[in-house]
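**Q** Here it is, the structure, as C-alpha cells.
Just so it is clear, none of the values below were taken in a lab; they were calculated from the coordinates. Note that the structure is a prediction, hence the values are computed from the model and not measured. Note that each Cβ is placed from the backbone with ideal geometry, even for glycine, and that neighbours are counted across all protein chains shown.
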Amino acid sequence: MGRLFGRVLDLVYPATCLACDRPLADADTICSTCFATLRPITAPYCPVLGLPFEADPGSGTVSAEALADPPPFRRARAALVYNDPAARIVSRLKYGDRPELAGFCAALMAQAGADFWAAGPVLIPVPLHARRFVHRRYNQSTELARALARRTNCACRADLVRRIRPTRQQVGLSATARERNVAGAFAAHPKLSQILAGRPVVLVDDVYTTGSTLKALTRCLKRAGVEHIDVLSFARVVSDEAIPI
Ligand SMILES: [Zn+2]
C-alpha cells in the first residue's frame, strides 16, 4: 500500500532537480548539470576562516585575512563557494520554495563541518527578527540546523538566542557598515551557559558573506560564557564580487 501510494505520488509530483526543476529519476537531489557547476570547498583551505587556498601553503598556514582580522569564533567552514547555482539554491531555501532542499544542503554541510561533530556540539541557527519571521514564516537557517542535527545526531536549539532589534538588510552595505548594523542585535537566553553545560556550539547560517552577523552572534554567546564556537554555512562568498541578495 505504501509503495503504491509512493508510485501515485511520483506520477502526480515527478522528481525534479532541486535547483533547476529539470525532471530527475531520484527525488531530493540536483541534476548532474547543476551539480557540475557547484564549487565544493575542499582542502587546502585556511584552518580559521575556511577560505580555499589556490595552492597548498603547508599545514597550519592561516590566511592573510584571518591574521589581519582574527574572528571571534574558532573556525568557519562552508560547503560551497557562493556562485550562481549556489545562489539559486539559497534563494529557493530562503523562501521555502522546496522544503526538501534543507536535507540536501545539510548533507553537504555535514561533510564540510566534519571536524566539528566528534565534540558533540549544540547547533544554533542564526535567528531572524520576529517581524521578518512573521513576514516570511520560515527561517532557512533553522531548517538547515534541524536537518544537520538529524544527520549528525547533534542537538539543535533555535531558542537560545534571539534578535532583539531589527537590522537593515545587509545587501549593499560595506563590511564596516554591516558590522555596525548587527552590533548588539542579539540576546542570549539568560540560562544559556547552564543549558549548554560546557558543550561547544556550532552556529548555522545559509551564506557567509563578510561574517559580520556570525561574528556579532559569536560575541553575544561569548559574553554569555560560551567558550567554543565554530560556524558552518552552506555557501560562502570568496571574492568580493558576488555579494548575495
Ligand atoms: Zn538542475
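**Q** Suppose R0 equals 30 Å. What FRET efficiency, 1/(1 + (r/R0)^6) with r the Cβ-Cβ distance, do Ala64 and Ala114 give to the nearest 0.05?
**A** Given R0 = 30 Å and the Cβ-Cβ separation, E is 0.75.
**Q** Roughly how far apart, in whole Å, are the Cα centres of segment 179-239 and segment 11-43?
**A** Cα centres, segment 179-239 to segment 11-43: 31 Å.
**Q** Give me the angle, in degrees from 0 to 90, between the Cα long axis of helix 2-12 and the longest principal axis of the Cα atoms of the chain, rounded to the nearest 10.
**A** 90
**Q** Now for a different question. Considering just Cα atoms, how many Å³ per residue does the convex hull of the chain enclose?
**A** Numbers: hull volume 36.3 nm³, N = 245.
Dividing the Cα hull volume of the chain by its residues yields 148 Å³.
**Q** Whose amide H sits under 5 Å from the amide H of Ile164, counting only residues 5 or more places off or on another chain, with H placed in the peptide plane?
**A** For Ile164, whose amide H was placed from the backbone, the distant partners under 5 Å are Phe186, Ala187.
**Q** Next question, about the same structure. Could you work out how much longer the chain between Arg150 and Thr42 gets when fully extended? Use 0.36 nm per residue separation minus the Cα distance between them, nm to one decimal.
**A** That works out to 36.6 nm of additional length.
**Q** So, in nm, how far is label Phe53 from label Lys191 when the simple model puts each one 7 Å beyond its Cα toward the Cβ?
**A** Between Phe53 and Lys191, the label points sit 4.5 nm apart.
**Q** Give the lysines whose C-alpha is closer than 27 Å to that of Lys94, dropping any in the same chain fewer than 8 places away, or say none.
**A** Lys215
**Q** Still on this structure, I have one more. Please list 154-162, 187-195, 77-85 highest first by mean number of surrounding beta-carbon atoms within 10 Å per residue.
**A** Output ranking for 154-162, 187-195, 77-85: 77-85, 154-162, 187-195.
**Q** Before rounding to the nearest 500, sum -39500 (n - 2.57) across all DSSP H runs of length at least 4 in the chain and divide by the residue total; then give [θ] at 222 nm in deg cm²/dmol.
**A** On the way: 10 runs with 90 residues, N = 245.
Mean residue ellipticity at 222 nm (helix-derived): -10500 deg cm²/dmol.
**Q** What is the angle, in °, between the Cα long axis of helix 140-152 and the longest principal axis of the Cα atoms in the chain? Nearest 10 is fine, range 0 to 90.
**A** That helix lies at roughly 80 degrees to the long axis.
**Q** Sorted by average packing, counted as other Cβ atoms within 10 angstrom per residue and highest first, what order do 88-99, 141-152, 106-117 take? Working shown, then result.
**A** Values: 88-99: 17.0, 141-152: 21.7, 106-117: 18.9.
Those peptides, ordered most packed to least, come out 141-152, 106-117, 88-99.
**Q** Same structure again: What is the helix-to-structure angle for 101-112, meaning the angle in degrees between its Cα long axis and the longest Cα principal axis of the chain, kept from 0 to 90 and rounded to the nearest 10?
**A** So the helix axis and the longest Cα principal axis differ by about 50 degrees.
**Q** So if R0 is 45 Å, what FRET efficiency would Ala175 and Ala25 give, r being the distance between their Cβ atoms, rounded to the nearest 0.05?
**A** 0.55
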